[in-house]
Amino acid sequence: MQRLKIVFSGPIGAGKTQAIASLSDIPVVSTEAQNTDLAAHTKALTTVGMDYGELTLEGGTGIGLYGTPGQERFNFIWPILSQGALGVIILIDHSAADPVQDMARYLANFDKIYQGHIIIGVSQIDKKPERPFEIYRDWLRENSRNLPIFPVDMRKRDDVLLLVETIITKLEQE
Ligand SMILES: Nc1nc2c(ncn2[C@@H]2O[C@H](COP(=O)(O)OP(=O)(O)O)[C@@H](O)[C@H]2O)c(=O)[nH]1
Ligand SMILES: [Mg+2]
């Protein structure tokens, strides 16, 4: 049986753990701990290690779903987690202070590792509906980045599934 791997990344609160929980057929394995970085985010519990879930597609293909640690001081784990992955789904919190800057930073970090196998999901749009979605497309165009980007709600399984299927479709086209 095939066994594939997809990585979810993005800042704290973007919805990584939620995305994996919405999609996984098994209870998500998370290493949560008290957030000692309250300046960065007020969420009391946050992921310091990683999240792991599993999804079985129609036809029996198994996909391992890996969530990267939120805090940037754990960035050394990114290349390790990424080994053998089909691609990375970068989740951005639309309601954060500067989500375009977040997107730019995560893209810079993952460009070398994934060489284009990157999909962007923008979550929490309902928390800041007055901020236009075009800010992301404008930045991508200005920086000559032609990457798939979707507005998503990680609490909705179909939204997460769209991101996963887009990564797989992108690979099929190569
Ligand atoms: N309102 C809203 N909440 C969301 C959305 N996506 C995720 N969440 C919630 O945001 C919170 C933070 O998500 P979490 O998965 O813990 O973020 P992580 O730090 O990236 O793992 C959770 O309570 C999610 O259910 C969204 O699009 N809108
Ligand atoms: Mg988390």
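The figures follow:
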{"quantity": "Residue count, segment 105-116 (criterion: modelled with pLDDT of 90 or more and either buried (at least 16 other Cβ atoms within 10 Å of the Cβ) or under 22 Å from Ser30 (Cβ atoms) (or both))", "calculated": "2"}
{"quantity": "Conditions (1) buried (at least 17 other Cβ atoms within 10 Å of the Cβ); (2) touching a helix residue (DSSP H, G or I) at 6+ places or on another chain (Cβ under 7 Å): number failed by Pro79", "calculated": "(1)"}
{"quantity": "Cross-chain or 6+ apart pairs with Cβ under 6 Å, segment 7-18 first and in a strand (DSSP E or B), then within 8 Å of ligand 2 (Cβ to nearest atom)", "calculated": "Phe8/Lys16; Phe8/Gly67"}
{"quantity": "Subset tally (residues that are buried (at least 24 other Cβ atoms within 10 Å of the Cβ), of a type in the set (Val, Ile, Thr) and within 11 Å of ligand 2 (Cβ to nearest atom)) for segment 6-24", "calculated": "1"}
{"quantity": "Single residue of Ala96, Ala108 found to be within 13 Å of ligand 1 (Cβ to nearest atom), of a type in the set (Gly, Ala, Ser) and farther than 18 Å from Val164 by Cβ", "calculated": "Ala96"}
{"quantity": "Test result for Ile135, part of a helix (DSSP H, G or I), in contact (Cβ under 8 Å) with a residue 12 or more places away in the chain and within 17 Å of the chain's Cα centre (by Cα)", "calculated": "no"}
{"quantity": "Unmet requirement for Ser123, which otherwise passes all of (1) more than 16 Å from Val7 (Cα to Cα); (2) more than 16 Å from ligand 2 (Cβ to nearest atom)", "calculated": "(2)"}
{"quantity": "All positions within segment 40-66 that are in a strand (DSSP E or B), within 12 Å of ligand 2 (Cβ to nearest atom) and either at pLDDT below 90 or of a type in the set (D, E, K, R) (or both)", "calculated": "Leu45, Thr46, Thr47, Val48, Gly49, Met50, Asp51"}
{"quantity": "Options Leu163, Leu91: the member that is farther than 16 Å from Ile12 by Cα and buried (at least 20 other Cβ atoms within 10 Å of the Cβ)", "calculated": "Leu163"}
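The values are calculated or read from the model by the stated rules, or taken from the named source; none is laboratory data. The structure displayed is predicted, hence computed values, not measured ones. All Cβ positions, even for glycine, are placed from backbone atoms using ideal geometry, and neighbour counts span all protein chains on display.
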